[in-house]
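Each remark here refers to the structure printed beneath this line.
The values are calculated or read from the model by the stated rules, or taken from the named source; none is laboratory data. Only a predicted model underlies this, so the values are computations on that prediction, with no experimental measurement involved. Cβ placement follows ideal geometry from the backbone for every residue including glycine, while neighbour counts extend to all protein chains displayed. We work out accessible area using only protein heavy atoms, side chains counted, and drop any ligands, DNA or RNA first. Shrake-Rupley method; radii C 1.70, N 1.55, O 1.52, S 1.80 Å.
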Amino acid sequence: MNGRETRNSVEDVWGPRTPYEGLWPSRVDQRVSAEPEQWIQSACVLCSNGCALDIGVKDGKIVGVRGRAEDRVNQGRLGPKGLHAWEANHHPDRLTTPLIRRGDRFCEVGWDEAMELIVRRSKEIRDRHTSSAIGFYTSGQLFLEEYYTLAVLGKAGLGTPHMDGNTRLCTATAGAALKESFGTDGQPGSYTDLDTTEALFSIGHNMAEQQTVLWMRVLDRRRGPNPPKLVIVDPRPVASTLEADVHLAPKPGTNVAVLNGLLHIMIERGWIDERYIHQHTVGFDRLKQTVGKWTPDAVERVADVPTPKLRAAAEILGTTRTLVSTVLQGVYQSMQATAAACQVNNLHLIRGLLGRDGCGIYQMNGQPTAQNTRETGANGDLPGFRNWENPQHIEELARLWNVSADVIPHWAPPTHAMQIFRYCEQGSIRMLWISGTNPAVSLPDLPRIRKILDKKELFVVVQDAFMTETASRADVVLPAALWGEKAGCFTNVDRTVHLSHKAVDPPGQARSDLDIFVDYARRMDFRDLDGAPLIKWRTPEEAFEAWKACSKGRPCDYSGMSYAKLTGKSGIQWPCNEQFPDGARHLYANGHFNTDPEYCETFGHDLDTGATVTPTQYRADHPRGRAIIKASDYIAPYEEPDESYPLWLTTGRIVYHFHTRTKTGRASALEEIAPDAFVEMNPEDAMAYGIEEGDMLEVRSRRGYALAPARFSAIRKGVMFMPFHYGYWDDNTRPRAANEVTLPEWDPVSKQPHYKLCAVRIRRT
Ligand SMILES: Nc1nc2c(c(=O)[nH]1)N[C@H]1C(S)=C(S)[C@@H](COP(=O)(O)OP(=O)(O)OC[C@H]3O[C@@H](n4cnc5c(=O)[nH]c(N)nc54)[C@H](O)[C@@H]3O)O[C@H]1N2
Ligand SMILES: Nc1nc2c(c(=O)[nH]1)N[C@H]1C(S)=C(S)[C@@H](COP(=O)(O)OP(=O)(O)OC[C@H]3O[C@@H](n4cnc5c(=O)[nH]c(N)nc54)[C@H](O)[C@@H]3O)O[C@H]1N2
Ligand code: SF4
Ligand SMILES: [Mo]
C-alpha cells in the first residue's frame, strides 16, 4: 500500500492516543488502494464492535474504507481487520456460480437447477419424515433482514424446531446470562459508559486484540484525566494485562471460584448497596450463603490466584462509584459459562451499578451480527425475545404471520447446534442447510464433524462466498454475496444499529442471502392462512419493515427506525420507538427489569444442571420486575490434565485473523504477518520437554491431534494456547486446526461448547 493509508494498523494496532474524559475525540482512520469515486455508508462486519465506516468505490469495485467520524461507536477509528479485510471481496477465489455435487466433483449449474434440487429434496424429506428432518445452521455474520426471513420460513413455513446459529459457539452464554438475570436478552449498558467510568472489569476477554477499537477508547481514557482503574482476569498474558492495575491469572475453568471470591470480599466488607438489593433484586440471601465459603484462601487453593491480588481486585470493584464490566469467551467457552457470566451481573446488582452513565455490563458479543441472530430467532429463540413457553407469545407470532400457532415449534426447547449435528449423525435430520459458517473448522472434535458432513444420507447445502472446508463437503453450494454487495442492518454489542448500504455488485451469479431465502420460500410455496405468500417482502427495506412490526413492544423495539433515519448520521441504539425516538443509552434505568412472567423471555434454569424452572414455579416466585440474583457454587472441569494428558490446552484468537480466515487469509498484509498456527507455551514447560521455540509439536487429546510450531510466552505453566483460525483451504499438508483436539462438551444452560479447556499431551516431531 502506498501513501493512501492514514496509519499502519498492522505494525501499530491501536494507533496514536487521543487522551480524554467525557467526549471521545474523533480520529479518522482510512486505507484505500486508489482514490474512491464514491463513498457508501456502511459498518464493519469483522467483530461485534460494529465500527461505522464508509466503503470507497471506484469502477464498480471496493477500493478501501474510512471510519465515520460522526458515529457514536468508533468516532472514525478502525482496527487492522476493518482496514484490510475488504480485500477479500474481490479475491479471485470468490464463488460465482451454484455448484451441485456429482460423485466426487462439483458441476457448475444455474440458480434454477440448484434451487429446484433443494426444493425437491426438501419436499421429499418433509413428506416422508416431517419437517423435523430438516435443519438450519446459520451465522452471526448475515444481516438482520436475512435472519428474520430465515426464521419466518423455518418456523412458520416448514415448522422445524432444528434451527440454530454459530452464535451458539459465540454468544449463546451472553444471551443466556442476560435472560437469567434480567428476564430478557439485551445489553444494559452503552459504550458511552466508558467515557466517564471510574473502573473497568474485564474477564475472559482479550479486548485489545479482539475489539481493537473499544480498546483504543479504553487506552485513551487511561491516558486522559481521571483514568479508570483496570482489573483483568485471564490466564494468559495478553496486551491488556500489561496495562491492568490488577491482573488475575487463574487456572483455566475456575471463573466461578474467582468471582465468588470477589463477591465474598465485597459482601464481607459491606461494599454493597442494600437499598438497591432490596428494591430491585431477588435472591441475595442465597448468593450470600453460596459465596460464604469462598474466602481468598479457598480461591487461591482452587484457582491459584494469590490472595493479595484477589483483595486488590475486590477493593477496586467494591469501592468504585461507576463500573463497566466486559465478559467474553474466557467465560462463555469455559467451565460454568452461564453461572460465571451471571456472577458478573450479580456484582453490578449488589452494588447498584446499573442503568446510568458510567455503569454498564457488556455480556459481549463476538460476531458482528450475533445480536441479530438472537433477536430474530434465527438461533432457535423466538423472534423479539419471545418466550417459547408462553402461549401468549406464540399467539402473537401466529397473528403477525397469519399462520396457525400449531405450526410454530414451541413444544420443547429449541435444538442447539451440537444437538443438530448429533441428530444428523443419528440420521433423524436428513437435510442440513448451512449459511455463513464453517463448522468443518469451527466446531469441536473435527474428526467427528467431518464424518457427519460426509454422510451419504445427509443432504448438505452450504451458502458461502468461498469454497470453505465445509462447502467442499456439501451436496449443493450456493454462492453468496458478501457485505458491501448487499444492503441490510446489523446491531453491535451496545445495541447500536447500523445500515450497510450496497456499494458494489456481487461477482458472477452470487446472490444475497436474503434473495436466496426469499426464492426458496417462493419455490416451496409457503403460504399464510389466507393463501397469500408467507414471506411478503422482497427487498431488504421491506424485510426491515416486517421486522419492525415483529419487534414492536418488545425490548429490542426497532419500530422508530427506518432506512432513511439510519442513513447519513450515526447508528442508533434500540429501543427506538415513540418513547425513545433517538434510541436509549441504558436499559433498566428505572431499576425495573424484564422479569414479569408475561414479558420475560425465559422462566430460567438451574445454573448447575440446566434444569428448567417451570412456569408455575416462576409465577409462584414472581420477581415483579426485579432482577434475579442467581448463585452458583464452583464445579471442577469435566476433563482435567491427568497422567496420560498432563497439560491444559486453551484456544482462541489473534488480532490479525478472523475465525477461519476466509476473509483475513485473503487480505495480503494480515496473512503475511500471521501465516500459520502455533502452540503458545511457557518456556519452563518447554524446557521440561526439551522443546525449543519453532519446534514442530504434536498436540494430542483423546479426540485427535494437531501439529504446530512452539512459541514461548509468559502464559501460566501447564497451560498452552492455540489459535483456531487455521484450517485446510490453503494448507492441507498437516492437521493444524485447534478443533482437531477440543472437547465436545457444553454449558448446561447456554449449550455453548467448552473450547477453552481440554487435556492434551505434547511431543516434538
Ligand atoms: N482479531 C479478531 N477479533 C475478533 C475475532 C477474531 O476471530 N479475530 N472474533 C470475534 C468473535 S466472533 C468473538 S466471539 C470475539 C472473542 O473474543 P475473546 O473472547 O476476547 O477472544 P478469545 O481469544 O476467544 O478468548 C479470550 C480470552 O479468554 C482467555 N481464557 C481462556 N480460558 C479462560 C478461563 O478459564 N478463564 C478466563 N477468565 N479466561 C480464559 C484466553 O486466554 C483469551 O485471552 O472476538 C471477536 N473479535
Ligand atoms: N477452538 C475454538 N473454536 C472456536 C472458537 C474458539 O475460540 N476456539 N470460537 C467459536 C466462535 S466464538 C465462533 S464465532 C465460531 C466462528 O466460526 P465460523 O462461523 O465457522 O467461522 P467463520 O470463518 O467466520 O465462518 C463464516 C463463514 O461465512 C462466510 N460468510 C461471510 N459473510 C457471509 C455472507 O454475507 N453470507 C454468507 N452466506 N456467507 C458469508 C465466510 O466466508 C465464512 O466461510 O468459531 C467457534 N469455534
Ligand atoms: S474493532 Fe471490530 S468492528 Fe471495529 S474495525 Fe476492528 S474488526 Fe471492525
Ligand atoms: Mo464468536
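Assorted remarks:
- Length gained on full extension, Asp273 to Thr733: 159.7 nm, using 0.36 nm per residue less the C-alpha separation.
- Environment charge of Leu453, counting only residues whose C-beta is closer than 14 Å and scoring Lys/Arg +1, Asp/Glu -1: +2
- Only DSSP H runs of four or more residues enter the estimate; each adds -39500 (n - 2.57), and after division by the residues of the chain the mean residue ellipticity at 222 nm equals -8000 deg cm²/dmol.
- Using a Förster distance of 22 Å, the FRET efficiency for Met696-Asp93 (Cβ separation, nearest 0.05): 0.20
- Seen from Gly652, the other residues with C-beta closer than 15 Å to its C-beta sum to a net charge of +3, counting Lys and Arg as +1 and Asp and Glu as -1.
- Between Arg422 and Arg128, the contour length at 0.36 nm per residue exceeds the alpha carbon distance by 103.8 nm.
- When both bridge partners sit in the range 583-722, DSSP labels roughly 50% of those beta bridges antiparallel.
- For the peptides 341-349, 123-131, 242-250, residues were scored by their other Cβ atoms within 10 Å and the scores averaged per peptide; the highest-first order is 341-349, 242-250, 123-131.
- Using the average count of surrounding beta-carbon atoms within 10 Å as a protection proxy, the listed peptides 224-230, 542-548 rank, highest first, as 542-548, 224-230.
- Here the simple spin-label model places points 7 Å from the Cα toward Cβ, and for Arg619 and Asp596 these points are separated by 1.6 nm.
- Loop sites in the range 313-422: trypsin sites (Lys or Arg not before Pro), DSSP, at most 13 other Cβ within 10 Å: Arg321
- Heavy atoms of Arg311: accessible area, 1.4 Å probe, square angstrom to 10: 120
- Near-label residues of the range 495-513 by backbone N, under 17 Å of a point 7 Å along Cα→Cβ of Asp582: 496-497
- Simple label model, 7 Å out from Cα along Cβ direction - Lys717 to Lys293, nm: 2.9
- DSSP-defined antiparallel bridges as percent of all bridges, the chain, nearest 5: 50
- Calculated accessible area for the range 241-363 comes out at 33 Å² per residue, all protein chains present (probe 1.4 Å; ligands, DNA, RNA ignored).
- Annotation note: trypsin sites (Lys or Arg not before Pro) in the range 597-663 located in DSSP loop regions with a Cβ neighbour count of at most 13 within 10 Å are Arg624.
- Accessible area of Trp746 in the full protein assembly, 1.4 Å probe (Å², nearest 10): 80
- Inter-part distance, the range 534-605 to the range 650-726, computed on C-alpha centroids, equals 41 Å.
- Overall, the accessible surface of the chain at a probe of 1.4 angstrom is composed of carbon and sulfur to the extent of 48 percent.
- When only alpha carbons of the range 144-186 are considered, Rg and Dmax amount to 12.3, 33 Å.
- Over all other residues within a Cβ to Cβ distance under 12 Å of Gly352, the charged ones net out to +2, with Lys and Arg as +1 and Asp and Glu as -1.
- Shape call, the range 176-364: gyration tensor on alpha carbons, a/c limit 1.5: rounded
- Whole-number percent relative contact order across the chain, with pairs defined as alpha carbons under 8 Å at least 6 apart: 19
- For the range 647-764, the square roots a ≥ b ≥ c of the C-alpha gyration tensor eigenvalues yield an a/c of 1.5 or more together with a/b not exceeding b/c, which makes the shape oblate.
- Added length on full extension, which subtracts the Cα-Cα distance from 0.36 nm per residue, Arg448 to Asp285: 54.2 nm
- What the Cβ-Cβ distance of Lys536 and Ala34 gives, at R0 = 45 Å and to the nearest 0.05, is a FRET efficiency of 0.60.
- For the range 67-159: relative contact order, % (alpha-carbon pairs under 8 angstrom, 6 or more apart): 11
- Taking the range 176-364 and dividing mean pair separation by its residue count, relative contact order in percent (alpha carbons under 8 Å, at least six apart): 34
- Between the alpha-carbon centres of the range 1-39 and the range 407-452 there is a gap of 41 Å.
- Cα centroid separation, the range 504-533 to the range 308-371 (Å): 41
- Overall form of the chain per C-alpha gyration tensor (a/c, 1.5; a/b vs b/c): rounded
- Less than 5 angstrom separates the built amide H of Phe712 from those of Met681, all sequence-distant by 5 or more or on a different chain.
- Set of the range 472-498 residues, backbone N closer than 18 Å to the point 7 Å along the Cα-Cβ line of Arg102: 474-478
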